[in-house]
Amino acid sequence: MQRSTEQNVEPRIEVDLEPIGRRTTLAPGMTLLDAAQRAGVELIAVCGGVGACGKCRVRLMKGELTPPTAVEERTLSRAELAMGLRLACQARPLGNVKVDIPPTSLSTPQRLQVEGQESEVAVDPVVMPVDVTVVPPTLHDLRADTVRLTDALAAQGIPRPFFGQPVLRDLSEKLRAQNWAVRLALRRRNHGTEAVGVLHPDQALLGLAVDIGTTKMAAYLLDLATGHTLAKAGMMNPQIAFGEDVVSRIAYANHHPDGRQALQARLMESLNALLAQLCREAGVAQDQVVEAVVVGNTAIHHFFAGLPVRQLGESPYIAAASEALSLCACHLGLELASGAQVYLPPNIAGYVGADHVAMLLATEAWQAQRPTIALDIGTNTEISLVVEGRLLSCSCASGPAFEGAHIYAGMRAGPGAVEYVQIVGDEVRLQTIGGKPPVGICGSGILDAVAELRAAGIITATGRLQMNHPRAIPWEGGGAFLLAPASATGNGHDLLITRRDVNEIQLAKGAIRAGIEVLLQEAGLTAQDIDTFIVAGAFGTYLDLESAIRIGMFPPLPLERFKQVGNAAGTGARQMLISAARRRLATQIGERVRYVELTVHPGFTKAYMDAMYL
C-alpha cells in the first residue's frame, strides 16, 4: 500500500494592514492585534489586548471578521460598528482581510510615519527645465558665453533670461565641463525668466519644502516635474539653545549685538545639514535643488530671513513684513543651486505666520461652508474659525509642556517614553514607545495621565492631588502620583506625575481652549455650533482626542467631528513648492483673515480662568 507524501498544512490567513503597507499571515483564531504585532505595526493597546482601553480601533475594508464581541458592543457605537470599526484585540479574521488603521490607533512614531500625505494638486512649478546645446567658441566666433547661450535659446523660441551674478559665477565652467550641453533651470518672473541653475541634461529639477516650528523642523525634497516627495526628514530647531519659545529668542536677539545673526546662522547650519541628509537619501546633488518654500510662525520667519524682531516683542507686536517674499538662497546662506530662490508665504500677524496660512491651504479649511475650527498645536498654537465666508484667527502661548518640557519626568517622543496611560482602581497601565521599560513621559502621555487622574477622581477640577490614593506620595509643591516604581522603570527611578506637572497642562490647555472660546464669541457662536474641528501639528497627530476633551482642552463634541491631519503646514509648503496657483491662493487667504489679539480682548481673561479647570 502506497503512502501519501502529502502532509496536512495548516491553513493561513493573509492580513493586509493599510496605510502602513504591511502584510502578514495568521493561523485561524488569531486576532488582528496579533497580526499587527507580527507585522511590526505598533497599535495602541494600553490594556494589553483585553479590550478594556478601546484604543486599538481598525476599520474593515475587505473580507470577513468574527461578529462583534460583547466588549466591542459596549465600547463602539452602532454607527461605528456599521462603518466597519472594530477592536483589533477582539476581531478575528475568517479569511483574507484588508483593514485600515486610523492614525489615532498607532503608536507615536508610526503615526508620524504616515502623516503628511502627498500633495494632490496640479503640478505647476515656477521653475522649468530647458535643455540647450550651445555652439562652442572658435577664433572666428568670439561671442561671450551668455550671448551664445541666449542665441541657442532664441533658436528654440525662448526669450533671453536674466542672468544673476551667482549663476554667472559658474556658467562658463559648467558649459565647458559638460561639452556645451546643459539643462538650464529658468524661474518665471513678472516679466520674463531668470536663470537659477545650470545642470547636466539628465538631472531632474528638485525643490525643498521646510516647516520650521519653534521646537522642531520638518523638511521635504520634491521632484518638481512630478510633485513626488523623494525624501523627508526632521530635526530639532537649533534655536532652542537660545530659548524654548520665540519670546525668549526675541529677547536674546535684542540684548546681544550679534544675537539676530547668531540665531539665523544656527538655523542655516542645521537646514544645510538637513538638506545634505535628504540629498544623500535620494541620491541627488544639492545643486539640483532650484527652489525652496519655507513656512514658520512670524518670529521664525523673521529669524530665517534676517529681519528685525525687536518690534515683534513689543506691543502692538508688528511684523517687519507680512507680504510674500522671494529671497536669494545664497544670500541667506542656504546651499541650493547657485541662483535658487526661497519663497516665504505671507504672514497674518505678529504671532500668526505663514505656517498657519499653509495649514489652512492644505486642509482647505479656508473655504469651509459650515463653522470650522482649525488649529495647529505647538509651543505657540494658532487657531482659526471659518464661518459664513469669514476667517478669524488668534494665537495663544501654549508653552512647551506638550513637548515634554517643564514636566518633572518629561521627555521627547522616543523609546521608553510613556505615551498612553490607563488607571483602573489602584492599577496603572502604561504603554511606552517601542515597548521599552518607561524612562519618562512625552506630551501625549502627560495629557493622557492628567485625563485619567481626573476621571478617577485622583485630582480635583482645580488640579489638586487627593492624597488618600495609595499611589499618591508627598512631594514638594503639592504631592505627586506614582506612575511606575523604580523597580519597573528603565532608569531605576520612580516615574512620577507631580502637582506642578498638572498645573503646566492646565496652563497649556487653558490657553488653547480660551482662544477657541474667544473666536466663537467674536462670531456669535457656541462650541456646539462647530461642524468640523481640524487638529494639525506634530503633537496634534498623536494626542488622544478623548483625553483632550475630558480635561477641557477641546469642547465636548462628537468624535466624528474631529480630524487629525498631521503636519498640514508641511503639506501646504509642498503644495506651494510645486504650484504657482497655490501660492496665489495662499496670498488671498492671508488677505482674508481678521486677526483677534487675545491680550486686549474683553472676554479673554474670563475664558482663560474658566478653561483652567479640568
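The values are calculated or read from the model by the stated rules, or taken from the named source; none is laboratory data. Predicted model only: the values in this text are computed from it and were never measured. Because the Cβ atoms are built from the backbone with ideal geometry, glycine has one as well, and the counts that use them run over all protein chains shown. To get the accessible areas, we keep the full protein, side chains included, count just its heavy atoms, and leave off ligands, DNA and RNA. Shrake-Rupley method; radii C 1.70, N 1.55, O 1.52, S 1.80 Å.
Within region 553-571, how many residues are assigned to a helix (DSSP H, G or I) and in contact with a strand residue (DSSP E or B) (Cβ under 9 Å, 6 or more places away or on another chain)?
Initial filter on region 553-571 (assigned to a helix (DSSP H, G or I)): 559-561, 568-571.
Pick out the ones that are also in contact with a strand residue (DSSP E or B) (Cβ under 9 Å, 6 or more places away or on another chain) and you get 561, 568-571.
Number satisfying all stated conditions: 5.
Kindly check whether there is at least one residue in region 368-390 that is part of a helix (DSSP H, G or I), surrounded by fewer than 24 Cβ atoms within 10 Å (Cβ to Cβ) and at pLDDT 90 or above.
Looking through region 368-390, none of the residues is part of a helix (DSSP H, G or I), surrounded by fewer than 24 Cβ atoms within 10 Å (Cβ to Cβ) and at pLDDT 90 or above.
With the requirement that a residue be more than 19 Å from Pro371 (Cβ to Cβ) and in contact with a strand residue (DSSP E or B) (Cβ under 8 Å, 6 or more places away or on another chain), what does region 572-597 give you? Walk me through it before giving the result.
Within region 572-597, the first condition is being more than 19 Å from Pro371 (Cβ to Cβ), and the residues that meet it are 572-588, 590-591, 597.
Once the filter is applied, which keeps residues that are more than 19 Å from Pro371 (Cβ to Cβ) and in contact with a strand residue (DSSP E or B) (Cβ under 8 Å, 6 or more places away or on another chain), region 572-597 yields Gly572, Ala573, Arg574, Met576, Leu577, Ile578, Ser579, Ala580, Ala581, Arg583, Glu597.
From the list Ile516, Ile512, which residue is out of contact with any Ser or Thr (no Cβ under 8 Å at 6 or more places or on another chain) and open to solvent by less than 10 Å² (accessible area, probe 1.4 Å)? Write out each step before concluding.
Working: Ile512 fails: out of contact with any Ser or Thr (no Cβ under 8 Å at 6 or more places or on another chain).
The match here is Ile516.
Taking the condition of being under 13 Å from Val196 (Cβ atoms) and either charged (D, E, K, R) or not in a loop (DSSP other than H, G, I, E, B) (or both), how many residues in region 332-367 meet it?
Residues in region 332-367 being under 13 Å from Val196 (Cβ atoms) and either charged (D, E, K, R) or not in a loop (DSSP other than H, G, I, E, B) (or both): 3 in total.
From the residues in region 94-122 that are of a type in the set (A, V, I, L, M, F, W, C) and open to solvent by less than 60 Å² (accessible area, probe 1.4 Å), which one is modelled with the lowest pLDDT?
First pass over region 94-122, keeping only residues of a type in the set (A, V, I, L, M, F, W, C): 94, 97, 99, 101, 106, 112, 114, 121-122.
Next, only the ones that are open to solvent by less than 60 Å² (accessible area, probe 1.4 Å) stay: 97, 99, 101, 106, 114, 121.
Details: Val97: 91, Val99: 89, Ile101: 83, Leu106: 74, Val114: 40, Val121: 86.
Per the criteria, the residue is Val114.
Looking at region 401-416, which of its residues are open to solvent by less than 20 Å² (accessible area, probe 1.4 Å), at pLDDT below 75 and either under 22 Å from Asn347 (Cβ atoms) or hydrophobic (A, V, I, L, M, F, W, C) (or both)?
Ala405
For (1) closer than 24 Å to Gln369 by Cα; (2) open to solvent by 20 Å² or more (accessible area, probe 1.4 Å), each residue gets a yes or a no:
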position: Glu522; (1), (2): yes, yes
position: Asp529; (1), (2): yes, yes
position: Ile534; (1), (2): yes, no
position: Tyr542; (1), (2): no, no
position: Val565; (1), (2): yes, yes
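Identify, by number, the condition in (1) touching a residue at least 60 places away in the same chain (Cβ under 8 Å); (2) more than 23 Å from the chain's Cα centre (by Cα); (3) open to solvent by 10 Å² or more (accessible area, probe 1.4 Å); (4) over 30 Å from Pro102 (Cα atoms) that Val596 doesn't meet.
Among (1) touching a residue at least 60 places away in the same chain (Cβ under 8 Å); (2) more than 23 Å from the chain's Cα centre (by Cα); (3) open to solvent by 10 Å² or more (accessible area, probe 1.4 Å); (4) over 30 Å from Pro102 (Cα atoms), Val596 violates only (3).
Using beta carbons and a limit of 9 Å, which pairs, at least six apart or on different chains, have the first residue in region 473-485 and part of a strand (DSSP E or B) and the second one of a type in the set (Gly, Ala, Ser) and surrounded by fewer than 20 Cβ atoms within 10 Å (Cβ to Cβ)?
From residues that are part of a strand (DSSP E or B), the pairs are Ala480/Ala472; Phe481/Ala472; Leu482/Ala472.
Can you tell me which residues in region 316-344 are free of Cβ contacts under 8 Å to residues at least 24 places away in the same chain and either surrounded by 22 or more Cβ atoms within 10 Å (Cβ to Cβ) or of a type in the set (Gly, Ala, Ser) (or both)?
Ala320, Ser326
Residues in region 476-499 that are open to solvent by 50 Å² or more (accessible area, probe 1.4 Å) and closer than 22 Å to Phe402 by Cβ: how many?
Counting residues in region 476-499 that are open to solvent by 50 Å² or more (accessible area, probe 1.4 Å) and closer than 22 Å to Phe402 by Cβ gives 1.
Considering only region 431-471, state which residues are open to solvent by 30 Å² or more (accessible area, probe 1.4 Å), in contact with a strand residue (DSSP E or B) (Cβ under 8 Å, 6 or more places away or on another chain) and modelled with pLDDT of 90 or more.
Of everything in region 431-471, those that are open to solvent by 30 Å² or more (accessible area, probe 1.4 Å), in contact with a strand residue (DSSP E or B) (Cβ under 8 Å, 6 or more places away or on another chain) and modelled with pLDDT of 90 or more turn out to be Ala455, Ala456, Gln466, Arg471.
Filter region 278-301 for residues that are part of a helix (DSSP H, G or I), out of contact with any Gly (no Cβ under 9 Å at 6 or more places or on another chain) and closer than 19 Å to Leu267 by Cα and give the result.
As a first pass, look at region 278-301 and keep what is part of a helix (DSSP H, G or I): 278-282, 286-288, 298-301.
Then keep just the ones that are out of contact with any Gly (no Cβ under 9 Å at 6 or more places or on another chain); that gives 278-282, 286.
The answer is Leu278, Cys279, Gln286.
Here is a list: Val502, Val421. Which entry is touching a residue at least 12 places away in the same chain (Cβ under 8 Å), buried (at least 21 other Cβ atoms within 10 Å of the Cβ) and closer than 24 Å to Lys216 by Cβ?
Working: Val502 fails: closer than 24 Å to Lys216 by Cβ.
After applying the criteria, what remains is Val421.
Could you give me the residue pairs with C-beta distances under 6 Å whose first residue belongs to region 521-537 and is at negative phi, whose second residue is crowded, with 16+ Cβ neighbours inside 10 Å and of a type in the set (S, T, N, Q) wherever it lies, and which are 6+ apart or on separate chains?
Thr532/Thr372; Ile534/Thr363; Val535/Gln564
Quick check on my filter: what residues within region 37-89 are hydroxyl-bearing (Ser, Thr, Tyr) and surrounded by fewer than 16 Cβ atoms within 10 Å (Cβ to Cβ)? Lay out the reasoning, then the answer.
Quick first cut of region 37-89, residues hydroxyl-bearing (Ser, Thr, Tyr) only: 66, 69, 75, 77.
Those that are hydroxyl-bearing (Ser, Thr, Tyr) and surrounded by fewer than 16 Cβ atoms within 10 Å (Cβ to Cβ): Thr66, Ser77.
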